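What follows is a single structure, written as structure tokens, with notes after it.
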Amino acid sequence: MHFSASSILTPEAWPFSLELLPQPAYMVGGAVRDAILGRTREYLDLDFVLPSGAVKVARKIAKHYKAGFVLLDAERQIARVVFPHATVDFAQQSGDLETDLHRRDFTVNAIAYNPHTQEIIDPLQGYADIQQRLMRMVSPRNLEDDPLRLLRAYRQASQLNFTIEPNTRAAICSLAEQITKVAAERVRVELNYMLSASSGTPWLTTAWEDGLLNAFFKYATEESFIHIAAVDTATVQLAQWQQLAEELRNYVRDTVKSTWLGIAKLACLVNPEPEIAEIELQQLTYSRAEIKAVTTALRLFTRLKAPHMTLREQYLLFLEAGIVFPATVVLAAAHYNRVEGLAPLITRYLNPDDPVAHPKLLISGKNLIIALNIPASPLIGKMLTEIAVAQIEGKISTPSEAIEFARQLIDS
């Protein structure tokens, strides 16, 4: 088997020297699979198993390169070394190598590579399944040992453009109820992968049909998944606005690994009532930022059904939507199939100088308190909203006019 110089299996591509790796040592898992597929990664994620001293080797490599070191499991001897552009896990073999490979989830992930001898070890014929683009379980027992593997089959099939071998899918269906034993945050990570790309949509639908998502999304129906597919279609249509398309691919925050596109799809899966959706998402351990994004999109997208919106309505929409606008607009486009009707709002949003989407207020709340000699209260916020609307409607244009307008609001 020949691998190119840029292959993950080539030590020159690693963030550390092969000389620091004892003999024998084996690379295992997704990195080996991806190398066979010819897939390259900007960020390397490597896994090695060693017969002994795994944590000691990890510490030595981390110290040598001044890299981050994390002890993941002292009892099972698993440690992680974190480089700027790579994460490398070292685990101690439990038994011999073949026994270790027989404990893995799918045959395509149960291939080992010895970098010292350049030998491929493939006792479960994972290479043949890679050639056939098949996700095949090693055994039902292995799936039951870690039920997250049930959902991972669908996620990896979506990312690799594989299919799930029929006996494997039948085993997953029979074990589907076991998924509730998995920590919610682990489920959420797999979901986010499938929600962030159109290739995940058919597999998300299949996972629901096979009983893996029902416990987490009690209100999801067949129509929910039709809407998710419609979000993918709408995203393609909205690509004529390049900046909007880019924003949909962005993460909600650097520390929150949901994309705005994923937020729009998540809104299709939960109950349409924001208060109920919030409880569902809390149970899945979504962050406050993600929950607020979904509930905001749910609350606002129906307003975009109207064929015409007044300047006041547009201003209030942008004010409430804020950074959630991309998810809100793609959700509306998916539900109402009227991308062109949304064009004026999108154009406003993308123009940083637009007075409706990005208003530059004439005065502040503090200005009002001082000028009108009134106490701080929710009334200030309401007055600022009315001043902003009067400004975009062309009724006022200077700070003094804004103060006078506010005075008239109080008198009336």
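Could you give the alpha-carbon Rg of segment 260-387 over 2.2 N^0.38 Å, rounded to two decimals?
Compactness ratio reported: 1.21.
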Mind putting a number on the dipole of the chain about its Cα centre? Charges go on the C-beta only, +1 for Lys and Arg and -1 for Asp and Glu, and I need it in Debye to the nearest 20. 620 debye
Relative to the longest principal axis of the chain, what angle (0 to 90°, nearest 10) does the C-alpha long axis of helix 339-350 take? 80 degrees
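Let me spell out the model: positive unit charges on the Cβ of Lys and Arg, negative unit charges on the Cβ of Asp and Glu, origin at the Cα centre of segment 288-412. What dipole size does that give, in debye rounded to 20?
Charge dipole, segment 288-412, about its Cα centre: 360 debye, nearest 20.
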Translational diffusion coefficient (Stokes-Einstein; Kirkwood radius from C-alpha pairs) of segment 1-139 at 25 °C, 0.890 mPa s, in µm²/s: 162 µm²/s
For segment 362-405, average projected area of the Cα convex hull in nm²: 2.6 nm²
Proportion of all alpha-carbon pairs of segment 86-137 beyond 13 Å (%): 62 percent
Treating segment 29-81 as a set of equal point scatterers at the Cα positions, no solvent, please give the Debye-formula log₁₀ I(q)/I(0) at q = 0.22 Å⁻¹. -0.88
Where trypsin sites (Lys or Arg not before Pro) fall in DSSP loop in segment 61-152, at most 12 other Cβ within 10 Å: 66, 76
Find which of 364, 287, 274 sits farthest along the positive direction of the dipole of the chain, computed with +1 on the beta-carbon of Lys and Arg, -1 on that of Asp and Glu, about the Cα centre. 364
Selection from 157, 349, 231, by position along the positive dipole direction of the chain (Cβ): 349
Of the trypsin sites (Lys or Arg not before Pro) in segment 342-412, which ones lie in a loop per DSSP and count no more than 14 other C-beta atoms within 10 Å? 360, 395
Provide the descending list of Cα extents for segment 217-308 along its principal axes, expressed in whole angstroms. 37, 32, 26
In deg cm²/dmol and to the nearest 500, what is the mean residue ellipticity at 222 nm of the chain if only DSSP H runs of at least 4 residues count, each as -39500 (n - 2.57), divided by the residue total? -15000 deg cm²/dmol
Simple label model, 7 Å out from Cα along Cβ direction - residue 312 to residue 71, nm: 6.5 nm
Check: C-alpha center segment 177-238 vs C-alpha center segment 319-361, spacing in Å is 26 Å
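All of the numbers you see were taken from the coordinates with simple rules; none came from a lab. Only a predicted model underlies this, so the values are computations on that prediction, with no experimental measurement involved. Glycine gets a Cβ as well: all are built from the backbone with ideal geometry, and neighbour counts include every protein chain shown.
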